[in-house]
Amino acid sequence: MLAVLVAARLLGWPEWRGWAGVAALWLAAIAALVLAPGSALARLIGGDARVWGLAGGVVALGLGYRLLLRQLHRRAIPLPDPPAPAPAGPLSDPELDRYARHIVLRELGGPGQAALRRARVLVVGAGGLGAPVCLYLAAAGVGRITVADDDRVGLSNLQRQVIFRSADDGRPKAEAARDAMLALNPHVEVTALNRRIGAEDAALVAEHDLVLDGTDSFAARSAVNAACIAAGVPLVAGAIAQWEGQVTIWDPRNGAPCMACIFPDAPATGLAPACAEAGVVGPLPGVIGSLMALEAIKLIARAGAPLRGRMLIFDGLYGENRLMKIARRADCPACGSGHFRAG
Ligand SMILES: [Zn+2]
C-alpha cells in the first residue's frame, strides 16, 4: 500500500492535490479491504482494515495539529524587529559629559548609569503621562525604549503633552514621540509601535525589564496589567484626573500588589471619566509622569525605596500628598495563586 502511495505521488496520479489525494487513496484501500476482503486488490493492499483505519486516524490528527499551529501562528501579533544591541563597554566622553549630574549621585554613579544604558523599557501610551515619561527616560540615557500608542496628535493634546510640537498635529503619537526622544538624546534607541498594548502582548512585554503605563482607561490598564503579570515584569502605573493623580508600582512577583488586587472591578459608568470629559490641568501629568520616570530610574539602578506596595496620591489643587500602603491579595483574580509563585 505504501509503495502504491509513493508511486502515485511520483507519477503525479491521479489529479494529485496534496493530502486530499492521499486521503482518497486511503479511503479506497479501506473500502477494498472491507467490501472485498478476498479479492486480488485486497491481497495487493495487504494488512487489516482496522490497522489502516488507526494509521489514517493518527496521520489525520497530526495534520490537524499542524494546521491548527499554522492558524495560531498566522493570528499571532508579530513582534517588532528586535532593536540593535545597546553599545557595550564604558561610557564615551560625550556620554560622561551628558550624564555628569547622574554620575556624581552616590546612589547612581557610573554603575547606575551603565544599568540605565542596558535597560529595556516599554512605555504604553504617549499621551499626557507618556510625554514626560518618554522625555525623562530618553534624557536619562535609558538604552532601549519602546513607545506604543495608536492615537494621533491633536491640537487639544498640546496643552499638556509637552513632547509634541504644533507641527506634529496629525502625526502618529508613537512616531512623533520617538523623533522627539532621538532629537533629545542620540545615544538611545527607540522603537515606535503605532498600536495599543493588549493582554495578549506578554511576549512583547517579556522583552523589556520594565513597563510604564500612562493609558487613560480601566480596560487598557487592566490589559497592560495582565500582560505584565504573564511576563513577570514590574509595571510603573500613573493615573490622573482633573487636579489629582496617583502613582505606584504593580509588582506581584516581588510581593507588591497588581492593579487587580486593588481595583478588581471597573468603576461605575461616570465615576471615573477620561480626561477628555473631566478635564485635566496641564502640569498635572508633568508631575505624575515625572514621578513615574523617577520610579523607573530607581528600579533600574536599584536606588532608594521604590513605590512597591505604596501608592502616592498627589492633590494639586490643595498642594497635598498622601502615601497609602497597599497589599497584595492572595485571591486576586489576576495575580492570585495559580498564576505564579510570588517571590
Ligand atoms: Zn493582583
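The values are calculated or read from the model by the stated rules, or taken from the named source; none is laboratory data. Please read these numbers as outputs of a predicted model, since none were measured by experiment. We place every Cβ from the backbone using ideal geometry, glycine too, and count neighbours over all the protein chains shown.
Looking only at the range 219-245, filter to residues that are within 15 Å of the ligand (Cβ to nearest atom) and in a strand (DSSP E or B); which one of those is farthest from the chain's Cα centre (by Cα)?
237
Given (1) under 21 Å from residue 142 (Cα atoms); (2) within 16 Å of the ligand (Cβ to nearest atom); (3) assigned to a helix (DSSP H, G or I), identify the lone condition not met by residue 248.
Only one criterion is unmet by residue 248, namely (3).
Rundown of residues vs (1) within 16 Å of the ligand (Cβ to nearest atom); (2) in contact with a helix residue (DSSP H, G or I) (Cβ under 6 Å, 6 or more places away or on another chain); (3) at pLDDT below 95, yes/no style:
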| residue | (1), (2), (3) |
| --- | --- |
| 261 | yes, no, no |
| 271 | no, no, yes |
| 282 | no, no, no |
| 290 | no, yes, no |
| 305 | no, no, no |
| 312 | no, no, no |
| 319 | no, no, no |
| 326 | yes, yes, no |
| 334 | yes, yes, no |
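Do you know which residues across the range 206-218 are more than 19 Å from residue 269 (Cβ to Cβ) and within 16 Å of the ligand (Cβ to nearest atom)?
Result: 211, 213.
Could you tell me whether any residue of the range 314-333 is surrounded by 13 or more Cβ atoms within 10 Å (Cβ to Cβ), under 25 Å from the mean Cα position of the chain (by Cα) and of a type in the set (Gly, Ala, Ser)?
Looking for residues that are surrounded by 13 or more Cβ atoms within 10 Å (Cβ to Cβ), under 25 Å from the mean Cα position of the chain (by Cα) and of a type in the set (Gly, Ala, Ser), one finds none in the range 314-333, hence no.
When you scan the range 1-59, how many residues do you find that are surrounded by 10 or more Cβ atoms within 10 Å (Cβ to Cβ), of a type in the set (Gly, Ala, Ser) and modelled with pLDDT under 60?
Adding up the residues that qualify gives 2.
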